[in-house]
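Let me begin by presenting the structure, written as structure tokens, before commenting on it.
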Amino acid sequence: MREALKRCSPSTFEAAVQFRKTGNPEHVPAVVIGVIERFVEPDLRVKLKDADDDLRLIEDLGIDSLTMMEIVILVEDILQLSINNDELRNLRTVGDVKTFIDCKIRDLPLPKPTKFLPIEHIGAVMPIQPPFLFLNEASVSSSGANGKYKISGQEFFLQGHFKDNPVMPASIMLEALGQLAVLFLLEGLVAEPGKVVSPQTIFFTGCEGVRAHRMCKPGDILTLSIKPKRMKMPLATFEGSIRVGQEKAAIAEEITLTFGFADVVSHPPAVNGAKLPGAVVTKTGDESTPPLRAAMGA
């Protein structure tokens, strides 16, 4: 094993030794991060220092399909497990890899793949719309959601916050985290059969433990992250954080939203007077709403 990990850090080798001795899955993230770091170009390794689960393997770390195979083969050897090639297709981020390996070791069901949502999709499903939508892109998994927002400097509220010194209001940063939580409810929450979360039922109810650590100004890119803490309709509680680069910008220990379900009713849409199968609309009580979630299966 020492020979296999000779180009990895000493901490990676030590974590691998401890895993072999104890079988404790808590050592797995250090092994996985260490192996990924070994194959990443030196100038990109700094991105792995904080083990950011939202880092994309291809776009952020430059890992191609052949390199990914090398990583998997080494992880298989060190952790003594077997990974099917077809299972690799859904691994898009560092967090995906860590969660996948952890599930394999614990013999748990594999999680659903992370969904990456461009601004067009976000705008189509969110009840909040520009100019009050503070998500440029997002990803949603079974364990939470991540997003980005670049402060352009053209936001309407910066005209008076503050005079000759534009600063992103902390309340708007909290709003952005709340919007990411809304997106998780719409795209990541698994509802009971025949139900979906209705956008018309989601509202902010409260927050606890909010701290602002850094001023955020035009040109800054906010990296947002939320994770669900408690989910029981009609309340959903999340923890959230915002970073700019490697710097902590804000945290919220608890953000609570209300939500409700709506029935899924299939109706064929009319096209030039003819009906085609496959349309999905939501219905709450006696009122129908537009098919906001038609792109869910994409």
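The values are calculated or read from the model by the stated rules, or taken from the named source; none is laboratory data. This is a predicted model, so every value here is computed, not measured. We place every Cβ from the backbone using ideal geometry, glycine too, and count neighbours over all the protein chains shown.
Determine which member of the set Glu41, Glu76 is touching a Leu at 6+ places or on another chain (Cβ under 9 Å) and closer than 17 Å to Lys6 by Cα. Can you show your working first?
Working: Glu76 fails: touching a Leu at 6+ places or on another chain (Cβ under 9 Å).
Exactly one residue qualifies, and that residue is Glu41.
Looking only at the stretch 167-180, count how many residues are surrounded by fewer than 21 Cβ atoms within 10 Å (Cβ to Cβ) and touching a helix residue (DSSP H, G or I) at 6+ places or on another chain (Cβ under 9 Å).
Of the residues in the stretch 167-180, 3 are surrounded by fewer than 21 Cβ atoms within 10 Å (Cβ to Cβ) and touching a helix residue (DSSP H, G or I) at 6+ places or on another chain (Cβ under 9 Å).
For the stretch 1-114, which fully contained helices (runs of 4 or more DSSP H) count at least 3 residues that are among the acidic types (Asp, Glu)?
Working: elements: 10-22, 28-39, 65-79, 94-106.
Filter on the stretch 1-114 gives 65-79.
Might you let me know whether the stretch 207-222 holds any residue that is under 21 Å from Asn136 (Cα atoms) and in a strand (DSSP E or B)?
Our first condition is that a residue be under 21 Å from Asn136 (Cα atoms); within the stretch 207-222, this holds for 214-222.
Narrowing further to those that are in a strand (DSSP E or B): 221-222.
Yes, the conditions are met somewhere in the stretch 207-222.
Just to be sure before I move on: is Leu183 touching a helix residue (DSSP H, G or I) at 6+ places or on another chain (Cβ under 7 Å) and surrounded by 18 or more Cβ atoms within 10 Å (Cβ to Cβ) in the structure I sent? Explain how you work it out, then say what you get.
Working: touching a helix residue (DSSP H, G or I) at 6+ places or on another chain (Cβ under 7 Å): yes; surrounded by 18 or more Cβ atoms within 10 Å (Cβ to Cβ): yes.
In short, yes.
Considering only residues that are farther than 14 Å from Asp102 by Cα and touching a Lys or Arg at 6+ places or on another chain (Cβ under 6 Å), look in the stretch 1-47 and name the one that is surrounded by the most Cβ atoms within 10 Å (Cβ to Cβ).
Per the criteria, the residue is Cys8.
Checking Leu44 against (1) modelled with pLDDT of 85 or more; (2) of a type in the set (A, V, I, L, M); (3) more than 26 Å from Glu247 (Cα to Cα), only one condition comes out false. Which one?
(3)
Whether any residue in the stretch 78-89 is closer than 24 Å to Ser225 by Cβ, assigned by TED's automatic domain parsing to the domain that holds Ala15 and among the hydrophobic types (A, V, I, L, M, F, W, C) is what I want to check.
Step one: filter the stretch 78-89 for residues closer than 24 Å to Ser225 by Cβ, giving none.
Scanning the stretch 78-89, I find no residue that is closer than 24 Å to Ser225 by Cβ, assigned by TED's automatic domain parsing to the domain that holds Ala15 and among the hydrophobic types (A, V, I, L, M, F, W, C), so the answer is no.
Can you find a residue that is in the same structural domain as Leu74 (by TED's automatic domain parsing), in contact with a Cys (Cβ under 7 Å, 6 or more places away or on another chain) and not charged (D, E, K, R) anywhere in the stretch 36-48?
Taking every residue of the stretch 36-48 in turn, none turns out to be in the same structural domain as Leu74 (by TED's automatic domain parsing), in contact with a Cys (Cβ under 7 Å, 6 or more places away or on another chain) and not charged (D, E, K, R).
Looking at Ile151, Ile78, Ile73 in this structure, which one is at pLDDT 90 or above and surrounded by fewer than 14 Cβ atoms within 10 Å (Cβ to Cβ)?
On the way: Ile151 fails: surrounded by fewer than 14 Cβ atoms within 10 Å (Cβ to Cβ); Ile78 fails: surrounded by fewer than 14 Cβ atoms within 10 Å (Cβ to Cβ).
After ruling out the rest, the residue left standing is Ile73.
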